[in-house]
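The values are calculated or read from the model by the stated rules, or taken from the named source; none is laboratory data. Just so you know, these numbers come straight off a predicted model, no measurement behind them. Glycine gets a Cβ as well: all are built from the backbone with ideal geometry, and neighbour counts include every protein chain shown. When the accessible area is computed, the model is the full protein with side chains, heavy atoms only, and any ligands, DNA or RNA have been set aside. Shrake-Rupley method; radii C 1.70, N 1.55, O 1.52, S 1.80 Å.
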Amino acid sequence: MAELTIGQIRNTDFLKLYEKLILNEDLAANEIQNLYKLALIFINRGNDIVQRFGYKILLKTSLYEKSYIPLYDISINFGYYPLTKILENIIASDEDSFIQLLLSSFLENYRSDDIYFTEQQKQLVEGYKDDNNATVAVVAPTSYGKSELILNTLKNNPDENICIIVPTKALLAQTKRRIINANQCINSRRVVTHPDMHIASEKKIIGILTQERLLRLLEKHKDLQFHSVVIDEAHNLFSDDHRNRLLASSIAIMNKRNPVTYFKFLSPFLIDSKSLLVKSCGFEINEKKITEFLKINNFYYIDFINPAPLSYYDQFLNNSISVENSMNSSDLEFIRDKASNKNIIYFNSPPKLELFAKNIQHAEVTSVPEQVLKACREIGSYLHADYSLLDCLKRGVVYHHGSVPDIVKLYIENLYTQEPFLKFMVCSSTLLEGVNIPAEKLFIMDHRKGRRKLSPSQFKNLCGRICRFNEIFNHENINLKLLEPEIYLIKSDYMRADANILDFLKDSVKEDKKLKDKTENVLLTETPITAINKAELAKEEEFLDNFEEDMNISEKSRKASTEVGKACFKNSLKEIDIIKSENSLQAKINDIKGKSFQAKSEKEVIELISNVFLEYVLQNDNNDNLLRLKELKTQNFYSMFLSWIMRNAPFNELIGHFVSYWNRLKNDITKDPFVYVGKWGDETRDGYLPLWVNIRDKTDKELVNLAILRIKEEQDFIDNTIVKFIEILNDLDLIEENIYKQIKYGTDNDSLILMIKNGFSSSLAKLLLSKYSEFLELNFTENFVTAEKGIIDAMRANSENDIYIFETSFNIKG
C-alpha cells in the first residue's frame, strides 16, 4: 500500500475538523474518535512528515480531552520513554497493575541517574562510544544531552589530549565547571582555558577554548596534537565571518598535525554532515541524527503595523488559521496577555531590546523577593546602582545581550533560572550560543540576526530554547502542554515595516520544504568558490600556509620573508595584507630598533600601533573602529583606557572614570560633545549610521549605562583586535616587559598573572590573593592554581559580593 503524503491530506475535507481542534472549539464524541482514527492512519500509513502530523493530532486530541491512554500507548511505540514515565502515574489503575509493573521494569533500561532516555537518546549515547575513534557529526535538538556526550569523550579517552571548542568566552567558565564537577572525566589531565596556562612539559591536557585562544595555543606549542576535538554549535562554521574562518583554520591545522584526530561536531540542526567538511582535511564524517519529534511547535503571528488579528501557521498543512478576531492594543499588552511563567523575548537589536525591557513588566507585581533585591544590591555594588538592568529586575524582567559584562550575564542567567518572580528574559542572538535557561513561550520581535533573516536552522535553534526536556519531564510539576511549545512572531515597530512573517515561516518551518545547509565559509568544501570570494579563499589559504609550517595548501600562497611579516601571521592578523605590506613594515621596525626604542607607557604603545600599522589596514566595515585610531582624539582615549586597565581597575571604577571623562567634555564648551558609542548611538556624523551621542543631551543615569555598555565593548575590542598588534610589537621586542604584562593582564604581579591565566578575572584574583590566600595553591612551575572548596564559605562569612562568590564557584570543584 502506497504511503500517504502531506500533499494528499491537504486536499481533503479533514481540514475543517482539524481547524476546530487547533482553535480548541467544542468537539463532539464522534469528532474526537475521528481525530484519533485519522492520527493512527497517518502514523501507520504515512511518510515521515505524515507520521509527525499524525502524532501532532494525537497529542492535541489527547490533551484536549485529558485522556492520556492514547498518548501513553504511542509514547511506548515511538520509544518516548520519558513521556511514558510521566504518564505512568497519571493513568495508573489496579486492573492494569501487572502490565504497568512490567513496563516500569522495562523503562529502567533507559534510566540514567534521575532521568529517562528516549530510545534514540540511548542509541545516540551508546553509538557515540562505538564512534570514539571516528569523526562524527551529532545532530540532536537542544535537550538531547550533547553536554553528556562531551563528558563521554573525556571518559572514553582518559589518557589523551582532548580539545573542546566553545563559541563564546562566557561558555568557557560554564563548560569548565561542568567538567571539573564530573571529576572522573579529568583523570590526571590539566584543564586549560587560556593559551598561557599550558606548559610544554605537561603530558596531557583538556583544552576548553574559543577558536581565538586555540589558535594562540597552537602557535605557542608547535608540537601540540589532540586525539579528539569537540566543536560545540558546529553549524556556526557555515558563516563566512572572521571568527568562523578562524574555527575552520584551527580544524585544518589540528588535522595537519595529526591526521587521525577525531572531530566531534555537535549541532542541533544540520541537513547534511558533508557541509562541515573543511578544505585540505581528509577525514570523513559519520552522522548520528535524532529523528524523534517528541515536541511539536505551534507557530502564531500577529501584525500591529498593518493591524491584523492573531493567526496560527500550520507547518504541516502550510496554511493559516485566524485564531482571534479582537486585537490587543499593543505588542506589550499582547505579550502580557499570552505570557506564561517563564518567557523569552527575542530581539535583533540590543538598543531596542533594552528599550523594550524597560517598558514591559508584570501587571501583578506588588513586592520584590529578597533574592532579587539582594541581586540588585550586588550588581549595583559590582557595577553601579544606576544600572538600568536593576530597574528591570525589580519588575520581573531580565535583559541579556553581548554588551552585558560576561560574569554579570552568567549571574543573571542563574538568577532567572532560580527565581520564579523573574518572568521575562529579553535577549538577543547571544541566546543561540548554548545558553540554557527555563522558558515556556517564545516571543520573536524581529526575525533577523544581524542584517539577515534568521536562517531556518537558526530559527529552529531559537525555538528549541523553550520547553526543554528537564522542564517537560519534571515529575514534581507536570505540565504536558510543554510538549506543544508556543512561538509568537510579532510585527510591530521593532520589526522592519516590509517584513512578511508568513513568508518567513513558510521558508523556515514548512515541513515538506526541501532545505539545504547554506555554507558561506570559504574554507568549507561545500562552499561554491566564485569570482567574488576567490580572493578571500586565497587569503585564508595564504594565512594557513604561513601560520603552520609545511601546510602547503596552495602553490600560489606567498610566504612571509620578514620578521614582522612572520609575527603578523603568527598572531592571526587579518586586518592588513601582510605580504604586500611586510617590507614597508619591516623598514619602519628597523628604523625604530635602530634608535633602541621600546615603548615605556600605554601612550607610546598606542602611538606605535598607529604609526607602524594603520596606513596598511584594509578599508572595510570590519576595520572601521580600528581605523579611528588615526585620529589623535581616539589615540588619547585608548591611551587613557589602557592606563585604567593597567592599574587593574575594577568595573565600577572604570564606570566612574568614563562618566567623569564624559562630564569633563560635557561641561567644557570648547570641547566636542559628540562621543562615539557604536550601535548605541542616536546621532549621525560623517556617515549614514547613528554611531554617536551628544553627551550634553544625556542624564547622569544615561551616562552610567552608556559607560557600562562601552566598557564591555571596548574591552572586547582591546582583547580581539588591539592585543594582536601588541603581541606583534612584543614579539619584536618593542615593548618593555612590565608594560606588556600590565596591558595584557592588568598587572605585572606574577601571582595575579597566574590567577588570571587560570580563569579568574583580574578583580577577583586581586581580592582572593589579598584576603583568601590560605585557600589558594599557586604552582608557578606547572602554571596552575587550585582553590579549596572552603573558600566559598569564607567569602560568605565576610559578606563578599555575591558576584565574586558566584565567579569563584566556577573555578573550584564542587
Do we have any residue at all in the stretch 549-562 that's in contact (Cβ under 8 Å) with a residue 12 or more places away in the chain and in a helix (DSSP H, G or I)?
no
Being open to solvent by 30 Å² or more (accessible area, probe 1.4 Å) and part of a loop (DSSP other than H, G, I, E, B) is the filter; apply it to the stretch 569-600 and report the residue that is farthest from L217 (Cα to Cα).
K595
All positions within the stretch 429-465 that are open to solvent by less than 10 Å² (accessible area, probe 1.4 Å), in contact with a Ser or Thr (Cβ under 8 Å, 6 or more places away or on another chain) and under 20 Å from K358 (Cβ atoms):
M445, D446
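Sort out for me the strands (runs of 3 or more DSSP E) sitting completely within the stretch 181-262 that have 2 or more residues that are open to solvent by 10 Å² or more (accessible area, probe 1.4 Å). So that I can check it myself, show each step before the final result.
Values: elements: 190-192, 205-209, 228-231.
Answer list for the stretch 181-262: 190-192.
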Looking only at the stretch 792-814, filter to residues that are assigned to a helix (DSSP H, G or I) and charged (D, E, K, R); which one of those is farthest from K176 (Cα to Cα)?
R796
Just checking, which of I803, I791, I743 is among the hydrophobic types (A, V, I, L, M, F, W, C) and either surrounded by fewer than 19 Cβ atoms within 10 Å (Cβ to Cβ) or within 30 Å of E604 (Cβ to Cβ) (or both)?
I743
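Looking only at the stretch 255-268, filter to residues that are more than 16 Å from N133 (Cβ to Cβ) and in contact with a strand residue (DSSP E or B) (Cβ under 7 Å, 6 or more places away or on another chain); which one of those is modelled with the highest pLDDT?
Here the residue is L266.
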Checking the condition in a helix (DSSP H, G or I), more than 29 Å from Y312 (Cα to Cα) and of a type in the set (K, R), which residue from K85, K56, K60 passes?
K85
From the residues in the stretch 770-787 that are touching a helix residue (DSSP H, G or I) at 6+ places or on another chain (Cβ under 6 Å) and open to solvent by 30 Å² or more (accessible area, probe 1.4 Å), which one is farthest from R647 (Cα to Cα)?
F775
Would the stretch 475-489 turn up any residue that is in a loop (DSSP other than H, G, I, E, B), β-branched (V, I, T) and farther than 18 Å from P268 by Cβ?
yes
S275 crowded, with 22+ Cβ neighbours inside 10 Å, outside any strand (DSSP E or B) and of a type outside the set (A, V, I, L, M, F, W, C):
yes
Every residue from the stretch 466-483 that is open to solvent by less than 10 Å² (accessible area, probe 1.4 Å) and either without any contact (Cβ under 8 Å) to a residue 40 or more places away in the chain or in contact with a strand residue (DSSP E or B) (Cβ under 7 Å, 6 or more places away or on another chain) (or both):
I466
Just a yes or no: is a residue in the stretch 632-655 among the basic types (K, R) and open to solvent by 60 Å² or more (accessible area, probe 1.4 Å)?
yes
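Just to verify a result, which residue in the stretch 601-652, among those that are among the charged types (D, E, K, R) and under 19 Å from V675 (Cβ atoms), is modelled with the lowest pLDDT?
We begin by selecting, within the stretch 601-652, every residue among the charged types (D, E, K, R); these are 602-604, 607, 615, 621, 624, 628, 630-631, 633, 647.
Keeping just the survivors that are under 19 Å from V675 (Cβ atoms) gives 624, 628, 630-631, 633.
Working: D624: 86, R628: 90, K630: 93, E631: 92, K633: 90.
Among those residues, the one meeting the criterion is D624.
Quick one: in the stretch 12-46, which of the residues that are part of a helix (DSSP H, G or I) and in contact (Cβ under 8 Å) with a residue 40 or more places away in the chain is surrounded by the most Cβ atoms within 10 Å (Cβ to Cβ)? Full working, then the answer.
Of all residues in the stretch 12-46, those part of a helix (DSSP H, G or I) come to 14-22, 29-45.
Checking which are in contact (Cβ under 8 Å) with a residue 40 or more places away in the chain leaves us with 15, 18-19, 21-22, 45.
Working: L15: 16, Y18: 23, E19: 16, L21: 17, I22: 16, R45: 14.
The selected residue is Y18.
How many residues are more than 15 Å from M254 (Cα to Cα) and open to solvent by less than 70 Å² (accessible area, probe 1.4 Å) when one looks only at the stretch 547-568?
Narrowing the stretch 547-568 to residues more than 15 Å from M254 (Cα to Cα): 554-568.
Add one more test, that the residue is open to solvent by less than 70 Å² (accessible area, probe 1.4 Å), and what stays is 554, 557, 560, 562, 564-565, 567-568.
Summing the residues that are more than 15 Å from M254 (Cα to Cα) and open to solvent by less than 70 Å² (accessible area, probe 1.4 Å) in the stretch 547-568 gives 8.
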Any pair with Cβ under 6 angstrom, 6 or more apart, that starts in the stretch 207-231 at a residue that is free of Cβ contacts under 8 Å to residues at least 60 places away in the same chain and more than 22 Å from I726 (Cβ to Cβ) and ends at one that is open to solvent by 20 Å² or more (accessible area, probe 1.4 Å) and not hydrophobic (A, V, I, L, M, F, W, C):
I208/K176
Mind listing just one residue for me: the one in the stretch 409-428 that is charged (D, E, K, R) and either within 15 Å of the chain's Cα centre (by Cα) or open to solvent by less than 10 Å² (accessible area, probe 1.4 Å) (or both) and, of those, nearest to I379 (Cα to Cα)?
K409
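Residues that are open to solvent by 40 Å² or more (accessible area, probe 1.4 Å) and closer than 30 Å to N11 by Cβ, at least 3 per element: which strands (runs of 3 or more DSSP E) completely within the stretch 290-392 meet that?
Values: elements: 298-303, 308-314, 319-322, 343-346.
Where strands (runs of 3 or more DSSP E) fall fully within the stretch 290-392 and carry at least 3 residues being open to solvent by 40 Å² or more (accessible area, probe 1.4 Å) and closer than 30 Å to N11 by Cβ, they are 319-322.
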Any chance the stretch 124-141 includes a residue that's open to solvent by 30 Å² or more (accessible area, probe 1.4 Å) and free of Cβ contacts under 8 Å to residues at least 24 places away in the same chain?
yes
State all residues of the stretch 670-684 that are part of a loop (DSSP other than H, G, I, E, B) and over 28 Å from the mean Cα position of the chain (by Cα); if no residue qualifies, say none.
T670, K671, D672, P673
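Using the structure shown, decide if E520 is under 30 Å from T721 (Cα atoms) and either open to solvent by 30 Å² or more (accessible area, probe 1.4 Å) or modelled with pLDDT of 95 or more (or both). So that I can check it myself, show each step before the final result.
On the way: under 30 Å from T721 (Cα atoms): yes; either open to solvent by 30 Å² or more (accessible area, probe 1.4 Å) or modelled with pLDDT of 95 or more (or both): yes.
Against the criterion (under 30 Å from T721 (Cα atoms) and either open to solvent by 30 Å² or more (accessible area, probe 1.4 Å) or modelled with pLDDT of 95 or more (or both)), E520 qualifies.
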Only residues that are in contact with a Phe, Trp or Tyr (Cβ under 6 Å, 6 or more places away or on another chain) and of a type outside the set (D, E, K, R): list them for the stretch 491-520, please.
S492, I501, L505, S508, T519
For the subset of the stretch 336-389 comprising residues that are at pLDDT below 95 and of a type in the set (V, I, T), which member is farthest from the chain's Cα centre (by Cα)?
T366
Counting only residues that are of a type in the set (V, I, T) and not in a strand (DSSP E or B), which one in the stretch 435-474 is modelled with the highest pLDDT?
I466
Complete set of residues in the stretch 685-715 that are open to solvent by 40 Å² or more (accessible area, probe 1.4 Å) and either hydrophobic (A, V, I, L, M, F, W, C) or within 23 Å of the chain's Cα centre (by Cα) (or both)
L689, L691, W692, Q715
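When residues of the stretch 145-161 are filtered for being more than 21 Å from the chain's Cα centre (by Cα), touching a residue at least 60 places away in the same chain (Cβ under 8 Å) and open to solvent by less than 20 Å² (accessible area, probe 1.4 Å), how many remain? Working first, answer last.
Of the residues in the stretch 145-161, the ones more than 21 Å from the chain's Cα centre (by Cα) are 152-161.
Checking which are touching a residue at least 60 places away in the same chain (Cβ under 8 Å) leaves us with 153, 157, 160-161.
This time we only want the ones that are open to solvent by less than 20 Å² (accessible area, probe 1.4 Å), so: 153, 157, 161.
Within the stretch 145-161, residues that are more than 21 Å from the chain's Cα centre (by Cα), touching a residue at least 60 places away in the same chain (Cβ under 8 Å) and open to solvent by less than 20 Å² (accessible area, probe 1.4 Å) number 3.
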